[in-house]
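Following: one structure in structure tokens, then a few remarks.
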């Protein structure tokens, strides 16, 4: 659920904020038309078209890949249009710049938005200074900077929360297994613990045999469905205290505390046999290869233990698949 | 893409914060790699105080130039605003981010009043500040109150704009203000949506980085099973601060925050700590017997006393220790550890005590 909300939030916000701005521009155009400020009518109409285009573009972007730079161009064009009105109508144009500041922080990435606003601040202040008095320019710059600063605070916190969301999630969305980030963290803890208690520790890397051919034949979707089934099976087979992890593409890992080399081979063999006999949905027959590795006195860190299991796994695959192999020191 | 810059910023903020907390006489204790993680609240508070300082400087600048150019009423307003902002940038509570002091209310009231009054007098500086007000309201107050205040303010703004601006400007200002309000609403919606998504994932207490007690019994039960399976010991430590809570909440928050960081650094990678009550913590130390547990507790007690005490206040902690026995469940272990802690706190503070069954008498 979190996955979907974080990928869908961006286009939806963009469509919404462009839409709001377009509506406001249309209203402004109408008002200015009533009072006969025809230059402002043109500006507002062009801004309306630009924002409507931005809204449509964001909608299209959900399906088709469009260059992100287009949004930057839309905002820059809008900003230049409004600034070009400053000489004739200082007050009116000035007020339109404030919403643009908020808009840019909602649409552009944080750093680009900050750059955009700094540029706009300098340009608009200079133009105001040139056509109005110095103090108006300073006052405008100060209030614009204050608004921009607070908008940036909101945007920065949003960015930070999005990062924490990724950091804190420990499950793989497709299979319900733990993800790799959690694997590395837990493995690190368990290595320290095994070191302290001098108890053994083993891990298993597992891959479905000929997975690429299976996906080429049945499509990406059935590959995901298979991973979910396999995850369910592994969950049922491991003991209390063990845990299983999925790297999101093809490989499963099992973390087995207090399990020596002989023990891990027995468990791996049982999983291999069970996978061969298990009734899978949408596939007749399936085999898996497993690579095991155990903690020894020379492998004391997470990466070397994982790469040992991976080496053992590719050894098993090289030797004809559907087998268990243990890393030999 | 943002990662290196992001973590560097967080690190710098953390260092700054530590410097502010420890005061000038203990600056030498701050070392370069501060790799503990900062909580959401801390980061947002640090950024807020930064925004205060910058806004204060900006307003001050406007005030001074206003005086130079002869715009006295605007200049005085800006200077008063700068003063208010500068005053409130100094102190914040870590625990309740939305609980701001009277100064925050004063800032908001001042800003609202200044912008609304300036509309009547058509003061071209201050009315631009009204675009900032909704954003500030949502930053300062909890959501329901912020919505009410923002709605009230917008209404006042629109009505006054309608009455006092000339026809040409009226719609310009009102339409742009309403658009700004709507965009502010989007910002706030994004913030709330992220917070909702984060809530079930955060297992740690913001202030101390300790785990929250919801999962304590489940985790402890797992550890007990595992110690039985592996035949290793399991020590449960209850840790409490001996001294009275200071009345000053800012000080209390800072002390707890520091305590959390010390625990974070001094425990082993596979130990975990939970915050039970305001100043009581429960520590799970797997693969630890009674003797080792007592030793670890003594070390912790001495170190914490050293780290938490300042020149003015001596702060000490007491620790109750219990180890798992056959047939004991999680609830019994927690109760025993707490009992040992309380008896050591009533007898003499700054002390570690091992739980024994005749403590019951």
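Every number here is computed from the coordinates shown, using simple stated rules; none is lab data. Bear in mind that the values here come from a model prediction, so they are computed numbers and not experimental data. Reconstructed Cβ throughout: ideal geometry from the backbone, glycine too, with neighbour counts over all protein chains shown.
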Listed with the fewest Cβ neighbours within 10 Å leading, A:63, B:255 appear as A:63, B:255
Computed over the protein assembly as shown, the convex hull of the Cα set has an average projected area, in nm², of 36.3 nm²
Along principal axes, largest first, the alpha-carbon spread of segment A:163-263 in whole Å comes out as 48, 39, 20
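Could you calculate, for segment B:170-265, the ratio of the Cα radius of gyration to the Kirkwood radius, expressed as Rg to Rh?
Values: Rg = 23.0 Å, Rh = 18.3 Å.
Taking Rh as the inverse mean 1/r over Cα pairs, Rg/Rh reads 1.26.
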Contour minus Cα-Cα span, residue B:299 to residue B:105, at 0.36 nm per residue, comes to 65.3 nm
Eigenvalues of the alpha-carbon gyration tensor of chain A, times 5 and square-rooted, give semi-axes in Å, largest first, of 60, 23, 14
The FRET efficiency for residue B:199 and residue B:229, from their Cβ-Cβ distance with R0 = 30 Å and rounded to 0.05, is 0.30
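Can you compute the FRET efficiency between residue B:162 and residue A:59 using 1/(1 + (r/R0)^6), with r the Cβ-Cβ distance and R0 = 41 Å? Round to the nearest 0.05. Kindly include the intermediate steps, with their values, before the conclusion.
On the way: r = 35 Å, r/R0 = 0.86.
E(calc), rounded to 0.05, equals 0.70.
With the Cα gyration tensor of segment A:35-158 giving a ≥ b ≥ c as the square roots of its eigenvalues, does the rule (a/c under 1.5 for rounded; else a/b larger than b/c for prolate; else oblate) give rounded, prolate or oblate?
Details: a/c = 2.52, a/b = 1.32, b/c = 1.91.
Since a/c reaches 1.5 but b/c is at least a/b, the shape of segment A:35-158 is classed as oblate.
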Asserting the computed 222 nm helical MRE of the protein assembly as shown (DSSP H runs at least 4 long, -39500 (n - 2.57) per run, divided by residue count, to nearest 500) equals -22000 deg cm²/dmol
Inter-part gap, Cα centre of segment A:266-289 to Cα centre of segment A:45-76, in whole angstrom, is 50 Å
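What full-extension length gain, to one decimal in nm, is calculated for residue A:261 and residue A:69 as 0.36 nm per residue of separation minus the Cα-Cα distance?
Working it through step by step, the gained length comes to 63.6 nm.
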With Rg from the Cα atoms and Rh as the Kirkwood inverse mean 1/r over Cα pairs, segment A:176-329 has an Rg/Rh of 0.96
One checks the Cα atoms of segment A:106-149 and finds Rg and Dmax, in Å, of 11.3, 34
The correct pair for segment B:210-361, radius of gyration to one decimal and Dmax as a whole number, both in Å and from Cα atoms, is 15.0, 49
Two pseudo-spin positions, 7 Å from Cα along C-beta at residue A:273 and at residue B:50, lie apart in nanometres by 6.1 nm
Over all viewing directions the Cα convex hull of segment A:1-93 casts an average projected area in nm² of 6.6 nm²
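Please report the orientation-averaged projected area of segment B:194-233, defined via the convex hull of its C-alpha atoms, in nm². Intermediate results must be reported in sequence, preceding the final value.
Working: hull surface 15.4 nm².
Projected area, direction-averaged: 3.8 nm².
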If each part is reduced to its alpha-carbon centroid, segment B:112-165 and segment A:296-328 end up apart, in Å, by 66 Å
Segment A:115-222: spread of alpha-carbon positions along the three principal axes, whole Å, largest first, is 77, 48, 17
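Mind checking the alpha-carbon convex hull of segment A:241-310 and giving the volume per residue in Å³?
Values: hull volume 7.5 nm³, N = 70.
Considering the Cα atoms of segment A:241-310, their hull volume per residue is 108 Å³.
May I have the convex hull volume per residue, in Å³, for the Cα set of segment A:189-242? It would help to have the intermediate numbers written out before the result.
Numbers: hull volume 5.6 nm³, N = 54.
Cα convex hull per residue, to the nearest whole number: 104 Å³.
Rounded to the nearest 0.05, what FRET efficiency is calculated for residue B:335 and residue A:301 with R0 set to 41 Å and r the Cβ-Cβ distance? Please report the intermediate quantities before stating the final value.
Working: r = 39 Å, r/R0 = 0.96.
Using R0 = 41 Å, I get an efficiency of 0.55.
So how many Å³ per residue does the convex hull of the Cα atoms of segment B:249-336 work out to?
Numbers: hull volume 8.5 nm³, N = 88.
In segment B:249-336, the Cα hull volume divided by residue count equals 97 Å³.
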Check: C-alpha center segment B:204-258 vs C-alpha center segment B:318-361, spacing in Å is 15 Å
